[in-house]
Amino acid sequence: MDPILSVRDLRTEFATGAGVARAVNGVSFDVMPGHVLGLVGESGSGKSVTGFSLIGLVDAPGRIVGGSVRHRGRELVGLPQSELRALRGKEIAMIFQDPMMTLNPVLKIGTQMIETVLAHDPVSRQEARERARAALGKVGIASPDERLDAYPHQFSGGMRQRVAIAIAFLHRPSLIIADEPTTALDVTIQSQILSEMQTLARQEQTAVIWISHDLSIVSGLADNVAVMYAGRIVEHGPVADVLTRPLHPYAQGLIASVPGAQMRGRRLAQIDGMAPSLLALPAGCAFRPRCVMAQAICEAEPPVQAPATGRMVRCVLPVRDEVAA
Amino acid sequence: MNRPAEVKQPVVPVERPAALSTEARAGTVKSAVEGGADTPFRQALREFVANPFAVFGAVLLTLLVFGAIFAEALAPTNPYDLTKLDLMDALQPPGTQNMDGSVTFLLGTDGQGRDMLSAMLYGLRTSILVGVSSGVIALCVGATIGIVAAFFGGWIDSFVMRIVDLQLSFPSILVAMVLLALLGQGVDKIILALVIVQWAYYARTVRSAALVERSKEYVEAAICLGIGRTPVMFRHMLRNCLPPLIVIATVQVGSAISLEATLSFLGLGLPVTKPSLGLLISNGFAFLMSGKYWISLYPGVLLLVTIIAINLVGDHLRDILNPRLKR
Amino acid sequence: MNASDVVEPDAVAGPALSAGGAVQPLIELAQVSKRFGRKADLLSRLAARLGGRLPLRHVHALDQVDLSVMPGEVVGLVGESGCGKSTLGRVVAGIHQQSSGDLFYKGGNVANLSLSKRRDFTRRVQMVFQDPYASLNPRMRVGQMVSEAPIAHGLVSAVEADDYAATMLRMVGLDPGLRRRFPHQFSGGQRQRICIARALAVKPDFLVCDEAVASLDVSIQAQVLNLFMDLKDSLGLTYLFISHDLNVVRFLSDRIVIMYLGRVVESATTEALFSAPSHPYTRALVEQVPQLDGRRQQFRPIEGEIPSPLAPPPGCHFHPRCAQAGPRCRIEMPALRPVAGGHLAACHLYDGGTGA
C-alpha cells in the first residue's frame, strides 16, 4: 500500500531577532491510509510547526527551507498557495485546539458548513445543507437541523470542537491533521471526542496525524507514534512497541514520568533540566545535556537505527537484542 | 464567487493559527534565551524609536520643553520687566530693531512693546506648567479613585463610576468655565479647575485596566499571602496599569494645555501678569484685523506645534503599549 | 507515616466528630456554599416590579460542601470545569469568602478569629495557582516577590529579605543568583517553582495546589510533582491538591474527593476509589483514565454535556448523564453517606434505590 503522505527531511526555520530557530529539523515519516499517527512532543519540540508545514501554513518569519512532503505522490513543498488552498479543506483538513480558529463567530454554523461544501463541490445549496446536516449527525450532535441555525457562541467548547470535526470530514478528506484538539476539553468530553474521531476515521478510512503533548491520548488512539524532541523525531514505531519498550532515553524518560497507577508514594522518574533553546541547540544529539546515558560520542550527529520493521530510533546506544527479535 | 472569504473554505481562518503559533513560538524562543531577554520597557523603546513620526514628535517635544524650562536664559528680553519696556517699540513687525538697536524683535512686538519671541517662551512655560501639573495631580487623584473602585467593586465601584459618567457627560470646557467663574483667576485656580475636569478620564482608564489585573492570579496570590490591600493595589496592580495610564496622560496633558489656552483666550484663566499662549493669542486678537498678524499668529503656531508634538508621541505610545492594536 | 493510616479516614463529617477525636483536622469545611452573582440592583428590581422577568443569575459554585483534611494528609480534589473545585480551593485559601457555612482551622471557626489570629490563618494557608504566567507579577523581580509577604508578616526584616529569598529559591531547586530577574526570563517550570517558593516563604502548613502542574510539560510536571513530594516530607506540609487529572491525583493523594457541579459526589481513600468507585460519575472518570499500555483503546464516554452551573438539573445533578438514573434522582438530592468504612458517596443507588 502506498502512503497517503510521505515526508522526507522536512526543515522549517524561524528567523528571529536573536538568530535562526530550527523548529523542524529534518523530519521524515509516512502515513498510511486509514492509519493514525501520533506526533508527540513537549512545547517547543516542533510538533505543531511540523503539522503546519505539511500544508504550507507557515507564516513569516517562518520558512520551509528544505525537504519534501508528498501527498499521494504529489509534491506539496513549493506548491503555489492557490493550489495548496484547493487541497486544504478538501483533501487535507485540519482541526485545531481552539475550534474558533475554524469557526466564524458571526455566521451561523449552517451557513459556514454549506459554504465549505460549496467551495469545493458544485452541488445545490439544498444538497449542501443536507450534507452539513448529515455531518453534524455523525459527530453526535442531537437535532442537527436546529443546530445548523445556531451561532458558534451558542455551543459549548466540546460541541464547537465537534462542529469543527464535522467540517473537517465534510469533503471526506484523505488526511486530517489534528493539533491538540482535545487539550482544552474536560475529561469526559475529551473521551467523547476521541471516540467519535476514532469511529469516523475508521469508517471513512481517513488517515490522521494527531499532534499532542499527551502520550496517554495517543496511546489509546494511534497506530504509530513519533516522539519529537527539539525539532527532530527521536523515536518512531508502532504505538504498543514504543510505549512498552521505548528505545530512546528521552522517550523512556517521558513514558516513565507519566504518573501512572503503579507508582504511588514513590518518586516519579524525572528528566532533569529543560528543553534546549532552538536558537542554541547543542551539537550532536540535542538531548545530550539532559541524558543520563550521554557519552562523548553523543557530541557527534546520532545515527538513525532501525532495530525492527517500522521502528526507528535516533541514538548511538546499541539497541538491545530483545527488541530486534 | 463573491462569497465571504472566511466561509468559502476553512482556509482563511486556518491561516490565523499559523500566525498565532508563530507568535507563541517566538515567545518560547525568547524565554529560552537566558538573561539576554528584553525587558518590556526596552522592547517598547525599540518599537518607539523605529517610528520616524514618533521620534520627530519626541524630538520636537523635547526642544519645546527645553525652551520652556530655560525661557529666562533663552529669551532675548524679559517681557515682564516693566523697566525694560518701551511703548515706542509697540506693534513692531518681525525683524525690527528696538529704539537703541540692542535687540532685534525676530517675531515682532505686541501692544506693550514686548518682544513676542520672549513672551512666547515665557507663555509656553506657563502653558506647559499648567498642563503638566494639572495632569499629574489629576493622574494621582484619578488613578487612586479608579484602582480603589476596581479593587473593591460592588457599591463603591458603582458609586464612583456613576460620578465619573456624570462628570464626563458635561463638556469639560463648560465645567471649567463655571468653576473659574466661581474661583476667580490665578494659576492655582486654573490648575484646580483642570484637575476637576480631568480626573475622571484617569479614573475610568485605570479602573478598566485594574479590573483586568484584579482577576489575574498574581493579585489573588498577593491577597492569599496576606499582603495588605494598599500594597496590593499600589505596588502590584497599579504597576501593571501603567501602559494605558502613560498613554492617557500624554494625551490629557495636550488637551489640558489647549483647554487652558481656550480659557485664557476667553479671559477666564490666568491673570494678565502671567500670560500663557492662550492669553497671548487673545491679546493679539484685537490687532488681527489691522494687519498686525504676528501678535496672535506666532503664539497660535507655537500652541499648535506643541499639541501636535504631544499627540504624535501619545498616539505612538498607544500603538506600542496597547496589545490589542498589535498585529 | 501519613496521617490517613493513623486517623479514621471517615473524616468528612461535621465538626462534632473533631471535638472528641484524638487528632483534629487541620482544615474543615462544614456545609460551605458559595454563590456568585450580583444582588438585584435598583434597575432590575424596578423592571421586576413592572412585570419584566429578568433571570436571577446565581451560580452555585459550591453547594453545601463538607470536607476535612487531617494534618499531613494529601487530599486530591477532582472534577471537571464548573464543578467548583477551584472555588473551593479559593475559599479555603481565604481569597473568596463563603456565602454560607463554616470554615474551621485547627478546630477554630475562622469567622470568629481575632484579627491577629486571622492574619496567622491567612499566612498558614497558601495557594499555588494553575497558570505560572498569570500568577507572577510581571513587573516585579523574583526575589522581591518571594520576600514581600515574609516582610509584611514580620517573619524577616527588610535587611535579611534578600538572603531569605535566596534560601527559598534554593529550596525549590532554583539558582538563587537569578533572584534579580523578572518572571518573563524564566520557563514555565521555573516559574511554578518560584510560585512554590513564594508560597512557602511565609511558612505555611497547608498548601492548596490548584491545577499546579496542569500547564507544564510532562517531563517538567514530573519534576514539580517530585518537588511537592519532597517538600511535604521535609516541611511536614498538608496538601489540598486540585486537579482534573486523576493520574496526577492518584500519584500524590491519600484520599480523593470527587466533585460535580458544586457538590461532593464521592470521597474515599485513593485505593478504595480506584478499586471500588461507587458513584456512577466516579466510575466513568476512573474508566476513562488514559492508560499508557499502548493498546488501542475503545473509548466508552458518558453521554451528554456538562450542564451549565447557571441552571443545574434538579435532584442529583448527574442524573441527565447517568445510565442508572431513576425517577427519584430527578427530584431528590442525594446526601453524602457512607457506602463502606470511610468511603462516602452521594448517590441514591446506596440510599434506598433510585425509585425505578
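Residues checked against (1) farther than 18 Å from C:A268 by Cβ; (2) over 22 Å from the mean Cα position of the chain (by Cα):
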position	(1), (2)
C:P314	yes, yes
C:H317	yes, no
C:R321	yes, yes
C:Q324	yes, yes
C:C329	yes, yes
C:P338	no, no
C:A345	no, no
C:L349	no, yes
C:G352	yes, yes
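Quick check on my filter: what residues within region A:124-148 are modelled with pLDDT under 90 and not in a helix (DSSP H, G or I)?
A:V139, A:G140, A:I141, A:A142, A:S143
Considering each residue of region A:111-138, count those that are surrounded by fewer than 20 Cβ atoms within 10 Å (Cβ to Cβ), under 14 Å from A:D149 (Cα atoms) and within 11 Å of chain B (Cβ to nearest Cβ), and give that number.
1
Among the residues of region A:97-110, write down those that are charged (D, E, K, R) and facing chain B (nearest Cβ under 9 Å).
Hit for region A:97-110 is A:D98, nothing else.
Of all residues in region A:180-204 being surrounded by fewer than 23 Cβ atoms within 10 Å (Cβ to Cβ) and under 13 Å from A:G38 (Cβ atoms), which is modelled with the highest pLDDT?
The extreme case among them is A:E180.
Mind checking which residues of region C:323-346 are assigned to a loop (DSSP other than H, G, I, E, B) and either in contact with a Lys or Arg (Cβ under 9 Å, 6 or more places away or on another chain) or within 12 Å of chain A (Cβ to nearest Cβ) (or both)?
Taking region C:323-346 as the starting set, the residues that turn out to be assigned to a loop (DSSP other than H, G, I, E, B) are C:323-326, C:332-336, C:341-342, C:346.
Correct list: C:M333, C:P334, C:L336, C:G342, C:A346.
What are the pairs, 6+ residues apart or on separate chains, where a residue within region C:189-210 that is free of Cβ contacts under 8 Å to residues at least 60 places away in the same chain has its Cβ under 9 Å from a residue that is of a type in the set (F, W, Y) and in a helix (DSSP H, G or I)?
C:A201/C:Y164
Within region B:121-148, can you find the residues that are of a type in the set (S, T, Y) and without any contact (Cβ under 8 Å) to a residue 24 or more places away in the chain? Don't jump to the end; show me each part of the working.
Restricting attention to region B:121-148, the residues satisfying the condition of being of a type in the set (S, T, Y) are B:122, B:126-127, B:133-134, B:144.
Selection gives B:T144 alone.
Please work out if C:V286 is more than 9 Å from chain A (Cβ to nearest Cβ) and in contact (Cβ under 8 Å) with a residue 24 or more places away in the chain.
When the stated conditions are applied, C:V286 passes them.
Of the residues C:V125, C:V142, only one is surrounded by 18 or more Cβ atoms within 10 Å (Cβ to Cβ), closer than 30 Å to C:S215 by Cβ and more than 9 Å from chain B (Cβ to nearest Cβ); which?
The unique qualifying residue is C:V142.
Is one or more of the residues making up region B:219-231 in contact with a Ser or Thr (Cβ under 6 Å, 6 or more places away or on another chain), at the interface with chain C (Cβ under 8 Å from one of its Cβ atoms) and under 30 Å from C:D205 (Cα atoms)?
yes
Within region B:148-158, can one find any residue that is farther than 16 Å from B:Y202 by Cα and surrounded by 24 or more Cβ atoms within 10 Å (Cβ to Cβ)?
Checking region B:148-158: not a single residue is farther than 16 Å from B:Y202 by Cα and surrounded by 24 or more Cβ atoms within 10 Å (Cβ to Cβ).
Looking at region B:151-182, which of its residues are outside any helix (DSSP H, G or I) and aromatic (F, W, Y)?
The one that is outside any helix (DSSP H, G or I) and aromatic (F, W, Y): B:F170.
Take the residues of region B:72-104 that are among the hydroxyl-bearing types (S, T, Y) and part of a loop (DSSP other than H, G, I, E, B): which is nearest to B:M116 (Cα to Cα)? It would help to see each step written out before you state the result.
Of the residues in region B:72-104, the ones among the hydroxyl-bearing types (S, T, Y) are B:77, B:80, B:83, B:96, B:102, B:104.
Now narrow it down to the ones that are part of a loop (DSSP other than H, G, I, E, B): B:77, B:80, B:102.
Values: B:T77: 10, B:Y80: 12, B:S102: 16 Å.
Checking each candidate, the answer is B:T77.
Are any of the residues in region B:203-212 of a type in the set (V, I, T), surrounded by fewer than 19 Cβ atoms within 10 Å (Cβ to Cβ) and more than 26 Å from B:I156 (Cα to Cα)?
No.
Conditions tested, residue by residue: (1) in contact (Cβ under 8 Å) with a residue 24 or more places away in the chain; (2) closer than 16 Å to A:V24 by Cβ.
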residue: A:D59; (1), (2): no, yes
residue: A:R63; (1), (2): yes, yes
residue: A:G66; (1), (2): yes, yes
residue: A:Q97; (1), (2): yes, no
residue: A:L103; (1), (2): yes, no
residue: A:I109; (1), (2): yes, no
residue: A:Q112; (1), (2): yes, no
residue: A:A119; (1), (2): yes, no
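Which one of these is at pLDDT 90 or above and within 17 Å of A:L5 (Cα to Cα): A:I109, A:I92, A:I114?
After applying the criteria, what remains is A:I92.
Regarding A:T182, is this residue touching a helix residue (DSSP H, G or I) at 6+ places or on another chain (Cβ under 8 Å) and without any contact (Cβ under 8 Å) to a residue 12 or more places away in the chain?
When the stated conditions are applied, A:T182 does not pass them.
Tell me which residues, restricted to region A:26-50, are surrounded by fewer than 24 Cβ atoms within 10 Å (Cβ to Cβ) and among the polar types (S, T, N, Q).
Answer for region A:26-50, where residues must be surrounded by fewer than 24 Cβ atoms within 10 Å (Cβ to Cβ) and among the polar types (S, T, N, Q): A:S28, A:S43.
Here are A:P249, A:P276: which of them is over 19 Å from A:G34 (Cβ atoms), more than 10 Å from chain C (Cβ to nearest Cβ) and at pLDDT 90 or above?
Of the residues listed, the single one that is over 19 Å from A:G34 (Cβ atoms), more than 10 Å from chain C (Cβ to nearest Cβ) and at pLDDT 90 or above is A:P249.
So which residues in region B:105-145 are within 19 Å of B:S296 (Cα to Cα) and among the β-branched types (V, I, T), if there are any at all?
Across region B:105-145, the qualifying residues are B:T109, B:T126, B:I128.
In region C:71-119, what residues are assigned to a loop (DSSP other than H, G, I, E, B) and over 30 Å from C:G154 (Cα atoms)?
Selection gives C:G79, C:E80, C:S81, C:G82, C:C83, C:G84, C:S99.
Within region A:139-165, count every residue that is within 12 Å of chain C (Cβ to nearest Cβ), surrounded by 14 or more Cβ atoms within 10 Å (Cβ to Cβ) and among the hydrophobic types (A, V, I, L, M, F, W, C).
3
Tell me which residues, restricted to region A:62-96, are facing another protein chain (nearest Cβ under 7 Å) and in a loop (DSSP other than H, G, I, E, B).
The answer is A:G89, A:F96.
Residues being over 29 Å from the mean Cα position of the chain (by Cα), assigned to a loop (DSSP other than H, G, I, E, B) and either buried (at least 17 other Cβ atoms within 10 Å of the Cβ) or not hydroxyl-bearing (S, T, Y) (or both): count how many of those fall in region C:145-181.
Total meeting the criteria: 8.
Can you tell me which of (1) over 24 Å from the mean Cα position of the chain (by Cα); (2) part of a loop (DSSP other than H, G, I, E, B); (3) surrounded by fewer than 20 Cβ atoms within 10 Å (Cβ to Cβ) is the one B:G226 doesn't meet?
(3)
Considering only residues that are within 12 Å of another protein chain (Cβ to nearest Cβ), more than 13 Å from C:V128 (Cα to Cα) and within 18 Å of the chain's Cα centre (by Cα), which ones fall in region C:214-241?
Hits for region C:214-241 are C:M229, C:K232.
The values are calculated or read from the model by the stated rules, or taken from the named source; none is laboratory data. The model shown is predicted, which means the values in this text are computed figures rather than measured ones. So basically every Cβ, Gly included, is an ideal-geometry build from the backbone, and we count neighbours across all protein chains shown.
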